[in-house]
Number of protein chains: 4
Amino acid sequence: VTENADASRIRLGMVGGGAGAFIGVVHRIAARLDDHYELVAGALSSDAERAALSGRQLRLAPDRIYSDFTQMAAEEKSRPDGIQAVTIATPNNLHYPVACAFIEAGIHVICDKPLACSLEEAVDLGRRAKEAGVVFVVTYNNTGYPMVREAREIVASGRIGTIRSVQIEYAQDWLTELLEASGHKQALWREDPAQVGPGACAGDIGTHAFNLMTYVTGLRLNSVMAEVSTFVPGRKMDDEINVLLNFDGGARGSLWASQVAPGNENGLRLRVYGSLGGIEWDGEKPNHLRLAEYGKPPVELTRGGFGISGAANRVTRMPAGLPEGYLECFANVYFDTAELIRAKLRRRDPDPAAVLLPQVTEGIEAVRFVDAVIESGKSRAWVTTNI
Amino acid sequence: VTENADASRIRLGMVGGGAGAFIGVVHRIAARLDDHYELVAGALSSDAERAALSGRQLRLAPDRIYSDFTQMAAEEKSRPDGIQAVTIATPNNLHYPVACAFIEAGIHVICDKPLACSLEEAVDLGRRAKEAGVVFVVTYNNTGYPMVREAREIVASGRIGTIRSVQIEYAQDWLTELLEASGHKQALWREDPAQVGPGACAGDIGTHAFNLMTYVTGLRLNSVMAEVSTFVPGRKMDDEINVLLNFDGGARGSLWASQVAPGNENGLRLRVYGSLGGIEWDGEKPNHLRLAEYGKPPVELTRGGFGISGAANRVTRMPAGLPEGYLECFANVYFDTAELIRAKLRRRDPDPAAVLLPQVTEGIEAVRFVDAVIESGKSRAWVTTNI
Amino acid sequence: VTENADASRIRLGMVGGGAGAFIGVVHRIAARLDDHYELVAGALSSDAERAALSGRQLRLAPDRIYSDFTQMAAEEKSRPDGIQAVTIATPNNLHYPVACAFIEAGIHVICDKPLACSLEEAVDLGRRAKEAGVVFVVTYNNTGYPMVREAREIVASGRIGTIRSVQIEYAQDWLTELLEASGHKQALWREDPAQVGPGACAGDIGTHAFNLMTYVTGLRLNSVMAEVSTFVPGRKMDDEINVLLNFDGGARGSLWASQVAPGNENGLRLRVYGSLGGIEWDGEKPNHLRLAEYGKPPVELTRGGFGISGAANRVTRMPAGLPEGYLECFANVYFDTAELIRAKLRRRDPDPAAVLLPQVTEGIEAVRFVDAVIESGKSRAWVTTNI
Amino acid sequence: VTENADASRIRLGMVGGGAGAFIGVVHRIAARLDDHYELVAGALSSDAERAALSGRQLRLAPDRIYSDFTQMAAEEKSRPDGIQAVTIATPNNLHYPVACAFIEAGIHVICDKPLACSLEEAVDLGRRAKEAGVVFVVTYNNTGYPMVREAREIVASGRIGTIRSVQIEYAQDWLTELLEASGHKQALWREDPAQVGPGACAGDIGTHAFNLMTYVTGLRLNSVMAEVSTFVPGRKMDDEINVLLNFDGGARGSLWASQVAPGNENGLRLRVYGSLGGIEWDGEKPNHLRLAEYGKPPVELTRGGFGISGAANRVTRMPAGLPEGYLECFANVYFDTAELIRAKLRRRDPDPAAVLLPQVTEGIEAVRFVDAVIESGKSRAWVTTNI
C-alpha cells in the first residue's frame, strides 16, 4: 500500500455510521489511513438530531450534513464538488434503498456486508450497478489481509495441487447469553429478521466465511447441507450453523459459524487441502500463513517476510514483525477501491489486482449462500446453491 | 498412576503385533511402563516362522510361542500359569474370531479399535463378553490422557453448562498419496475393506473422534448426515469424512476426519461449547486444556498444574511441565485395565474411575457410528444412529 | 481511543520522513488514524528537491514546504495558522538541533527515539523543554499497546507482588548480513556512529526494550553489566547486546537485544516475575497478555476481552478478537499526545492516563542506558546507570 | 529406538529412588520402556525399613534388597548373576561415594545429575571411571530428545553457519514460595548446601541448561559473568541465576535459570543463532524444532516428520504427531547406555551415536560451570571456566 501521493483525494460521503455505531468508525479509519479519501458529506443517522451531532463531530460542512439519504444523493449529485463515492454503513435492510439512490445519482458505492436482505434485492442491485457503470464494492474485509491474498496466490499457482477439502469456521462468543433481552444495540438489530434478512449468524459471519473461502480457493460452491441452530432460549434467529459443502469439481468441506462458542472472540480460520499441500490461516493471527507442501516440513509464511509474493506485498505497509491488523485489512479494501474509482474517473483500466476485490457479484453470491443454508436447515436436505 | 507395588504382575498374552507391526509395540510398552503386566505368551503372527522369530525376540518361553490363536487360547487356559489377559493387536477383521476364542477360555481381553468389522460381530462380542464375565477393554487410548479425563470432569461438573455445540476433528496427511500402490504395509490393510470393514478413514480415525467426543461429553449421538469422500485416485475406500452431528437433548456439531490433509500429522482436536463456557483440547498438545468460562478470561489448564482434579491427577506420573505423550496415555489404559482385571481376580469392586474406560459397549457404539456414516454418505440423508 | 470529535484538529508539521523514509509514514498514519491532527507543514528532507517533491505528494501548501528546519520553525512560529506541534522523524543526530529550534519557537515536539546521540544533548533538551513549557513526547511506541498498559496496571496493582526478575529481549534478524555494504539505506545510517550515537543495536532496539521494561515495572535500573558484540564482519557498530540488570530494591534480570538472530522478525518480549505471579507479553502477539498468579492456572488476557482494566480499554478501538497492531499502538501515542497538547493549549490539566506517555525524561533515561551499556561492554565491569 | 530383541537384558541395580522419591521411578520407567534392562537389586534407601519395603514393592529377591550401598556393591560383584550396571538416584552428595563403590566393583554407572558436589569429587570420579574402564553416564536427559539430537545435527552440519549467539533459559516456578519451611521433601534437600553443593538453582537446572547448550552447539564455554540471586526470604541458597556467556571462538550469549518464575512449569528453551540461520527448541514442546535459514521462511521440523535426519529418527519410537515426552527422552538415554554397556561386555566398538551421550567428562564440565557461576556471583567479575 502506498500513502496517497495523488494530486487529490476522493470525495467520500457516508450513510449510517453515526455516533455509537460500530462499523462506521471502522470505515472512516480505513478511508483515512492512507489519505486517499476525504469525508465531506454524510447522512449519518436517520434521526435528524443525531445526524446533525455526528456530522458536526466529524467537522462536516453544515450544508453537507443530511438526515435523508435520498436528499443527500440528489444534492451531492448536483454539486460541482459533490461526493464521488459513498459508504453505506447502515443495518442490512437499508443497504438496498440507499444503494439504489446513490447508483441512480452515478455515485460509486462501498457497501457493508451482506449486500442485501433478499436475493431479489441483491440481484437487482447487481443489475443497477452494472447499468449505471458505477464501482460497487462490498466490504468483505478479510480479503484485504495480505496473507489472505498470499493464500489466494498460492492456491492459484497450483502449489498445493487440486483442492480436495476446505475447512472453514468463524467462531465468536458474544451472543452466548441473550443480550437482546437487555437492549444491547448490536445484538438487537443483528437478531432482528426485519433488519438482517433470513439468517442472523449465517448472514453476519457465515457470509464472511463463505466469501473468504471462495476468494481464496476460487471454487464454486455447488450445494450445501446445513444444520441451523438457535441455542439461546428466547432468541428469534440462528446463532450457529453447521454446514457440509460440495464444490464443483469434487472438493468437499465443512463450514461452522457460531456466535455462542465461549472462548472464541473472532475465530475465523480457513484451511485448504489439496493433492500437493495445505494452507492454514487464522484471522486472529492474520500476519501468518502456514504452508505445508506434502513431503516437506511446513513453513511459516509471514507478512512482509521471506518468500512472499507481490500480491501480498502490494497491500503491506509495515515491515515483517510489526503486526498489522483489522483496520489495515479494511484500509486495504479502501485502497483497492480508490484504484477502481480513479480508473473510472480517469477512464483507464484499473490495476488487475484491485479488480479481485469482492464486488456486487460476490455480494449476490453470499446472499444466495445464506438462502441455501436457511433452506437446507428447514428441509433437512441438500440444497443446490447455483453459485 | 502408581508403579506396580502389588505382589504380582498380570500374566499377559498377545495376538498379532509381531515384528514390523506398529501397534503391537505400543501395547507392549504400555503394558510394561508401570510394571503391572508380564508378557508371557504370544501368537504374534499367523505366519509360523514370523511368530517364532517375534516370540524369541521378546524372550517368550518356546512353549508359549504360538502361531495359532485358537491353540494359544486353549493351551493357556489349561496351564496353571496361563495368561490372565490377552491383547488383540491384529488387523480389524481378526478382532472377532480372536476375541471369541479368548472369551471362551475365560481370559480377559484388551482389544485394539475398532472392535469389529460389522455391527453383528460387535454386538455378538458384547453378548459373549457379558456372559463370560470377562473384562473387555477396547483401546480408544485418547481416553487415557489426563487432560481428556479433566475435560470429562469439567463437563460432568456442569462448569460449562448445558452443551450446545461439539466440534471435533481428526486430521492426518499420511494417505495424501496412493501409498497402497507402492505396497506400504499400513496403507495396504487399512484401505482394504476385507480387513477393516465398511469404513477406512471412518473406522480408523473417525471412531477415535467419535469415542473421544462421547467420552468427554457423555452425550448420546442421535443421528448423522455425512459426506464420505475418496479423494485419491485409485483408492478403494474413504479417505475423508465430513459429518453433521445431532445429539439427544439438542446439542449439535460437526466431525471432520481426513487422512489427506497435508500439514496435519495427527491432528485430533476437540472443542465443546456449553451455555456457561467452552473447552478445547488438542491431541498434539495433550498436556494442555483450555477452559473459557463465559465472562472470564480463558485459563490454560496443564497436566499436573494448578486447579486440576483428582480424575486427571490419578493418571498422571510426571510433574507439570515434563511432557507426557501418547505412550503414557496408552499406558493409562493398561493401568486402569489392570485395576479392572485385579478386581475380577480378587472378586472385589473396581475403582469407579477405572470403570470409565471404553469397553465392549463403547466399542459397539463406535462400530454403529461407522455404519451410520457410511450409510448416510450413500443415501445423502440423515441417518439415525441409535447410540 | 475515540475518533476526534473536537471542533478542531491540531496543526502538525513534520521534519524528516520524506519519500523513501520508513518512520515518517508511520508517524503520519498514526497522526491521521483518529483524526486529531492535520499535517500542514514540513521540512521533509534536507535535500530541497526531495523536500519539495515530498511536500507536494502530501498536498502541503507550497509556502509551507521547507527544506530548512530552522526556517520552518521561524516561519511557522510567526504565522497565525502556524503549526502547534512538530514531529521529528530524522536520523538520531538531527533530533537535537531540530528539537532545539522548535522548542525555541514554542512548538510542541513529538520526537522519534532515541532522544539524542549523547547524554549531554539529551539532558539539555530536557532542560530546554521544561523551560519552554512545551510538550515533548518521545515515541517509544510500545507503550501505546493496550496490553502493555494492562501489564503496567497489573504490576502497579500489586497483583504479581514484589518484582523479582525481569526478562526482556528484542530480537530481529534483518542485519544478519552486511547490508551496509550493499548501500541499504536503513542499514547505512543505523550503523553509522555519526548518525546514531554510541550504540547501534543498543540505541535502536535496546532502548525500546529498556523503555518498555521500565514503563511496565516502574523499576529504577541501578546498574548494568553488558557484553556488546559486533558479529558481522565489516560492521562498524554493535549488532547484539547481552546485559545483566540490577534494579533498585533488589530485582534482577537480563536484557538481550540482537539484530542478527535469524528467524526473529521483531521479537520484543517482556516477562516480569514477582512474589505473587508473573506476566508475559510478546510484541508480535500484542493483543494478548499472559498472567499467571502463583497457585492458579495462567489466564490469557486479551485486548478488549474479559477482565481488562480501563487503562487498556481507554486505548482500544476494536472489539476483542479483531487484531490491532503496530500502527494502532503508534496512533495511541499520538492520541495521548493530542490530550497533552490540548491541555496545554487550553490551560487545563491533562488526563492523568496521558501523562504516563514517555516524554523527555524517559528519553534521557534511555540515552543514559545506552551509555552505560556501551561503557560496561568496554570496561567489562558493572556500570551504575543512575537512572 | 528399537524394543529389546537381544537374547538377554542388562541386569540393573539401583541406589536411592525408594518409595516417595521422584527421580527413582523415572529411571525405572526409562529402563523398562524398551525392555533392555531388568532391575534385580537395590539399596533404595539408607533407611533399612524403607529400603526393604521399597525392594519388596519392586519384587526384588529378598537377598538383593540392601540398605547399605557398599555392601550391595561388594555382594553384587561377587554373584555370578550380579548386576552389570547401577543407577544412582540419590541426593547429590551421595553420588560420589556411591559411584566410587560401584566403579571399584567394576560395575557400570548411570548417575543422576549433577555429577558431584565439588569439582574435586567430580574430577576424581572421572579418573576412577577411566581407570576402571566402566561406562559412566550422567543422565542429562534432555540430550535424549530426538529434536535435540536433530538440533545438534543441524548445527554440526553447518546449516546455520558459524554460531554467534546462544540464548538459553530454564524457568520453573515451584520454589516461588518457601516450600522448605513447610517440610516439602524435594525443596528441603534441593536447597540444602550439604546435600547439593554450592549451587541450588545453578546445580539443579542451571546445569541442565549448560549441558543442553554445549551438547547442541559443541561450543566450549570460556567464561561467565553471573548474578546469583536468592529472592525468597528465608531461603539458604540461590533460586535464580542470570549469566552472560563467552564461548571460545567469539560466540556470546545469555543463560537464565529460575525456580521462582510464576507461570513457568518447566520452561527449558534453547535458541542458537548463526551466520546462516537459527534454531529454537522448547522442552515443553519437545517434538518440535524451528529452523530459520536466513533468507527463507522458517520451517517447523517435527519428530518423525519430513526432513528429519537419522540422528533423530534413531531415537524415535512413535510416528509423527503422536507426542513423545519426558519419559521417552529419559528412556533414550537408557537405550544408548545399553549400547555402551553391551559394547563393553562384548568387547566391541559402540554405535558412535551412543557415544555422544553425556558421560563423566560432561558431568565434570557441568560441575565446573556451577563453580564458575557461584564464584562470579560473589566476585561480580568475569570468571574463566576452563571448560
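Quick rundown of the values:
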| item | result |
| --- | --- |
| Residues of type lysines that B:LYS185 reaches as a straight line, Cα spacing below 16 Å, ignoring anything fewer than 8 places off in the same chain | B:LYS236 |
| Segments D:230-236, D:87-93, A:150-156, C:347-353 sorted - mean Cβ within 10 Å per residue, highest first | D:87-93, A:150-156, D:230-236, C:347-353 |
| For region A:257-321, alpha-carbon Rg and Dmax in angstrom | 13.9, 38 |
| Kirkwood estimate for region D:17-73, i.e. one over the average of 1/r between Cα atoms, Å | 11.4 Å |
| Centroid-to-centroid separation of region C:212-261 and region C:282-331 [C-alpha atoms, Å] | 26 Å |
| When the convex hull of its Cα atoms is projected in every direction, mean area for chain A (nm²) | 18.9 nm² |
| Average other protein chain Cβ within 10 Å of Cβ, residues A:219-227 | 2 |
| Peptide D:1-9, shielding by other chains (average Cβ, 10 Å cutoff) | 3 |
| Under 11 Å, Cβ to Cβ, from C:LEU115 - net charge with Lys/Arg +1 and Asp/Glu -1 | -3 |
| Rounded Å value of the spacing that divides the Cα centres of region C:337-380 and region D:134-197 | 40 Å |
| Whole-Å semi-axes of region D:50-198's equivalent ellipsoid (Cα gyration tensor) | 32, 24, 16 |
| D:ASP351-B:ARG127 pseudo-label distance in nm [points 7 Å out on the Cα-to-Cβ vector] | 5.1 nm |
| Unit charges on C-beta of K, R, D, E only; dipole of the protein assembly as shown, Debye | 0 debye |
| Cα radius of gyration and Dmax for region B:89-155 (Å) | 13.6, 40 |
| Rounded Å value of the spacing that divides the Cα centres of region A:1-56 and region C:1-51 | 19 Å |
| Average silhouette area of region D:41-81, convex hull of alpha-carbon atoms, in square nanometres | 2.5 nm² |
| Average beta carbon contacts from partner chains per residue of D:265-277, 10 Å cutoff | 5 |
| Residue-averaged [θ]222 nm for chain A, counting only DSSP H segments that reach four residues, each worth -39500 (n - 2.57) | -10500 deg cm²/dmol |
| Rg(Cα) / (2.2 N^0.38 Å) computed for region B:326-379, rounded to two decimals | 1.57 |
| Under 29 Å from the Cα of A:LYS344 - lysines, other chains or at least 8 residues apart | A:LYS77, A:LYS113, A:LYS130 |
| Net charge of neighbours whose Cβ lies under 13 Å from the Cβ of C:HIS184, counting Lys and Arg as +1 and Asp and Glu as -1 | -1 |
| Listed peptides B:121-133, D:237-249 by packing density, highest first (mean Cβ within 10 Å) | D:237-249, B:121-133 |
| Minimum Cβ-to-axis distance in chain B for the rotation onto chain C, with residue, whole Å | B:VAL299, 3 |
| Principal axis dimensions, region A:109-194 - Cα atoms, whole angstrom, descending | 50, 39, 23 |
| For the protein assembly as shown, alpha-carbon Rg relative to the globular expectation (2.2 N^0.38 Å, N residues) | 0.96 |
| Coordinate range along principal axes, alpha carbons of region A:285-346, Å, largest first | 49, 23, 15 |
| Percent carbon-and-sulfur accessible area, the protein assembly as shown, ignoring ligands, DNA and RNA, probe 1.4 Å | 51 percent |
| Simple label model, 7 Å out from Cα along Cβ direction - D:LYS344 to B:ASP63, nm | 3.8 nm |
| Rg and Dmax [Cα atoms of region B:59-132; Å; Rg one decimal, Dmax integer] | 12.4, 38 |
| Label-point separation, A:ARG50 to C:THR162 (7 Å along Cα→Cβ), nm | 5.5 nm |
| Diffusion coefficient, µm² s⁻¹, Stokes-Einstein with Kirkwood Rh over alpha-carbon pairs of region A:1-113 at 10 °C and 1.306 mPa s | 115 µm²/s |
| For region B:147-221, convex hull volume per residue from C-alpha positions, Å³ | 111 Å³ |
| Principal axis box of region C:208-344, alpha-carbon based, largest edge first, Å | 47, 39, 37 |
| Global form of region C:168-280, assessed from the alpha-carbon gyration tensor, a/c cut-off 1.5 | prolate |
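The values are calculated or read from the model by the stated rules, or taken from the named source; none is laboratory data. Small disclaimer: the values here were computed from a predicted structure and weren't measured. Positions of Cβ are backbone-derived with ideal geometry, glycine not excepted, and every protein chain shown enters the neighbour counts. Just so you know, the surface numbers come from the protein's heavy atoms only, side chains and all, with ligands and any DNA or RNA stripped out. Shrake-Rupley method; radii C 1.70, N 1.55, O 1.52, S 1.80 Å.
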